[in-house]
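A quick write-up on the structure given underneath.
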Amino acid sequence: MKVIISGASGFLGKALSRELAEHGHLVTALVRRPVREDAEAEWHPEKGELDRDVLAGADAIVNLSGAGIGDKRWTTEYKRILRESRMQSTGTLAHTLAEMESESRPTTFVSASAVGFYGERGDQPLPESATVGTGFLADLARDWEAATQPAAAAGVRVATLRTGLPLAASGGLLKRLMPIFKAGIGGTLGSGQQYQSWISLADEVGAIRHILETDAISGPVNLAGPEPVRNQQFTKALGRTLHRPTLVRAPAFAMRLVLGQLADEGALASQRMIPQVLIEHNYRFQHPDLQSALDWAVQH
């Protein structure tokens, strides 16, 4: 299979590129600069520019582009960047696919989304059929997914990835948490009762490959382990893995002072996501429980 990836230089993109190559697939990375090697192709989504010939003959597109949700405080300007970086890349890919001749057009479009689609939901289990929530992240994820519609309307199989917390020491939130926990000052966030939907990076890329290789999968897909846990449980499990105490608590009010709106819609939001589509389509999790995922993650 020939797969084109946007966002291939990121934490997930690098891991997915390795996963696909190791299983015999050919990967081309979309880049926003002059190409430096044969496995790259140039595009400019901020201008809506993507040559159709770049996509012609490929089997699938994986769109992972977008500024990092937790990289900066959510100022008005950064929220604009978060939105535009997603809508421009997804829209450019979807419209280009829709404009292509069917015989040369890739048949599959896998596009990133996020657990934030569901908003704050307390203890409610959230399979893919659950409704959209409220808040900036929920609105962003809803519109992000809707931006794929031109491709779907043209007959392309579209899957949107509602991704939970990816676990690997090499990137993401865990990379930031590990030094804190190793110093013995890690602890629960707020009440600790909010549900966290996690997934090992190995399962995240494995699940994306499974989606690419399974024609029956389309629509939203929850990328999360089958056993979401409360933050309090997550904190204790990470402490056990690193052999460190977890006695410190970060009060909700302090997190709001530091993180602003991101605190309530990110770290303190309760989202009990269930990966129903992956389960129904026989994806076999390498790390079905949190402890096995963390034991793997701290080594990778």
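Yes or no, residue by residue, for (1) part of a loop (DSSP other than H, G, I, E, B); (2) farther than 12 Å from Ser6 by Cβ; (3) in contact with a Leu (Cβ under 7 Å, 6 or more places away or on another chain):
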site	(1), (2), (3)
Glu46	no, yes, no
Val54	no, no, no
Ser65	yes, no, no
Ile81	no, yes, no
Ser102	yes, yes, no
Pro106	yes, yes, yes
Phe109	no, no, yes
Phe117	no, yes, no
### Summary
Those residues of the stretch 139-170 which are assigned to a loop (DSSP other than H, G, I, E, B) and over 22 Å from Glu120 (Cβ atoms) amount to Ala147, Thr148, Ala154, Gly155, Val156, Ala168, Ala169, Ser170
### Summary
Screening Ala252, Ala237, Ala224 for residues that are on the phi < 0 side of the Ramachandran plot and surrounded by fewer than 18 Cβ atoms within 10 Å (Cβ to Cβ) leaves only Ala252
### Message
Among the residues of the stretch 224-274, what is the count of those that are within 16 Å of Pro125 (Cβ to Cβ) and among the aliphatic types (A, V, I, L, M)?
### Response
5
### Summary
Of the conditions (1) farther than 27 Å from Asp215 by Cβ; (2) at pLDDT 95 or above, the single one that Trp43 does not satisfy is (1)
### Tally of residues being buried (at least 17 other Cβ atoms within 10 Å of the Cβ), in contact with a strand residue (DSSP E or B) (Cβ under 9 Å, 6 or more places away or on another chain) and not small (Gly, Ala, Ser) across the stretch 97-121
9
### Task
Can you tell me which residue among Leu201, Leu174, Leu189 is touching a Gly at 6+ places or on another chain (Cβ under 8 Å), surrounded by 20 or more Cβ atoms within 10 Å (Cβ to Cβ) and on the phi < 0 side of the Ramachandran plot?
Leu201
### Residue within the stretch 274-291 that is in contact with a Phe, Trp or Tyr (Cβ under 7 Å, 6 or more places away or on another chain), on the phi < 0 side of the Ramachandran plot and at pLDDT 95 or above present
yes
### Query
Given the residues Ala29, Ala39, Ala60, Ala15, which is the only one that is farther than 12 Å from Thr96 by Cβ, touching a Pro at 6+ places or on another chain (Cβ under 6 Å) and either of a type outside the set (A, V, I, L, M, F, W, C) or touching a residue at least 12 places away in the same chain (Cβ under 8 Å) (or both)?
Ala60
### Summary
Within the stretch 122-146, of all residues that are of a type in the set (A, V, I, L, M, F, W, C) and within 18 Å of Ala267 (Cα to Cα), the one surrounded by the fewest Cβ atoms within 10 Å (Cβ to Cβ) is Phe136
### Query
In the stretch 199-254, what residues are modelled with pLDDT of 95 or more and basic (Lys, Arg)?
Arg209, Arg230
### Query
Could you list, in sequence order, the residues of the stretch 37-80 that are β-branched (Val, Ile, Thr) and closer than 24 Å to Thr160 by Cβ?
Val54, Ile61, Val62, Ile69
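The values are calculated or read from the model by the stated rules, or taken from the named source; none is laboratory data. Please read these numbers as outputs of a predicted model, since none were measured by experiment. With ideal geometry, Cβ positions are generated from the backbone for all residues, glycine too; neighbour counts draw on all protein chains shown.
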